[in-house]
């Protein structure tokens, strides 16, 4: 009798452990599906793309194919280099960003060196490291760099505006400016994100503004531009997939015209 009770207890323990393991595996699978759908983590990138395609802001009417070129653009025929991360890449707009819209509207050609999740600060697959991926013999008319939100979210050290150490945000900005000028001898433009609540990113924008004055570069400051950011909740829902990443509509109707103004100024001087 005692033996039967012991066997019965053992079976219950085995069943309990098996159920717990099964529940854990199911939870992990669900988490992977959710994360894959939200962030495109392999092998679930297709789920994210399917979700993004359903957004009103990524409707076909906002496609680059439907964009008409501008007449007599100052950028026509120019070749532009873009360095950035997810916003330059077009992470929430099916790999189409302001880069492609500017190219179509202004008849430019471009090189886009953009990898989601990367930082300015030289840490891993950083902006500083990926500069080396760009052909030194290219003839660029403009060099455009994104002020990455990843440095803020990953709490990278801001540093001082005169830093030369690429392990700080300011140092990386200075390094990128100097490298671009020495390598391609063209005007340098930085652009910021539209406003979102982040004390760290606000400090980065302020530091960039100081560096811009010292280094005499151009900045498309979308972050502190109150008029630019004064859009309705309805527009924000159409233009942004989240607080950082625009949809196709957001790039086409909101970000592209604003960034173009700075590029026109840079190429005209």
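The values are calculated or read from the model by the stated rules, or taken from the named source; none is laboratory data. What you see is a predicted model; the values in this text were computed from it and never measured. In this analysis, Cβ positions are derived from the backbone assuming ideal geometry, glycine residues included, and neighbour counts consider all displayed protein chains.
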Residue count, region 132-149 (criterion: touching a strand residue (DSSP E or B) at 6+ places or on another chain (Cβ under 9 Å) and not in a loop (DSSP other than H, G, I, E, B)): 6
Do we have residue 57 as in contact with a strand residue (DSSP E or B) (Cβ under 8 Å, 6 or more places away or on another chain) and more than 17 Å from residue 149 (Cβ to Cβ) here? yes
Which of the residues that make up region 102-125 are part of a loop (DSSP other than H, G, I, E, B) and touching a residue at least 24 places away in the same chain (Cβ under 8 Å)? 107, 108, 115, 116, 117, 118, 119, 120, 121, 122, 123
Only listed residue being in contact (Cβ under 8 Å) with a residue 12 or more places away in the chain, in the same structural domain as residue 212 (by the TED database) and assigned to a strand (DSSP E or B), chosen from 128, 161, 99, 189: 189
Just one listed residue, out of 212, 202, 206, 172, is in contact with a strand residue (DSSP E or B) (Cβ under 7 Å, 6 or more places away or on another chain) and not in a loop (DSSP other than H, G, I, E, B), and it is 212
Residue that is part of a helix (DSSP H, G or I) and either outside the structural domain of residue 262 (by the TED database) or over 23 Å from residue 266 (Cβ atoms) (or both), where the choices are 152, 180: 152
Scan of region 232-242 for residues that are outside any helix (DSSP H, G or I) and either touching a strand residue (DSSP E or B) at 6+ places or on another chain (Cβ under 8 Å) or surrounded by 17 or more Cβ atoms within 10 Å (Cβ to Cβ) (or both), ordered by number: 240, 241
Candidates 94, 70, 74, 47, filtered to the one that is touching a residue at least 60 places away in the same chain (Cβ under 8 Å), surrounded by fewer than 21 Cβ atoms within 10 Å (Cβ to Cβ), at negative phi and outside any strand (DSSP E or B): 74
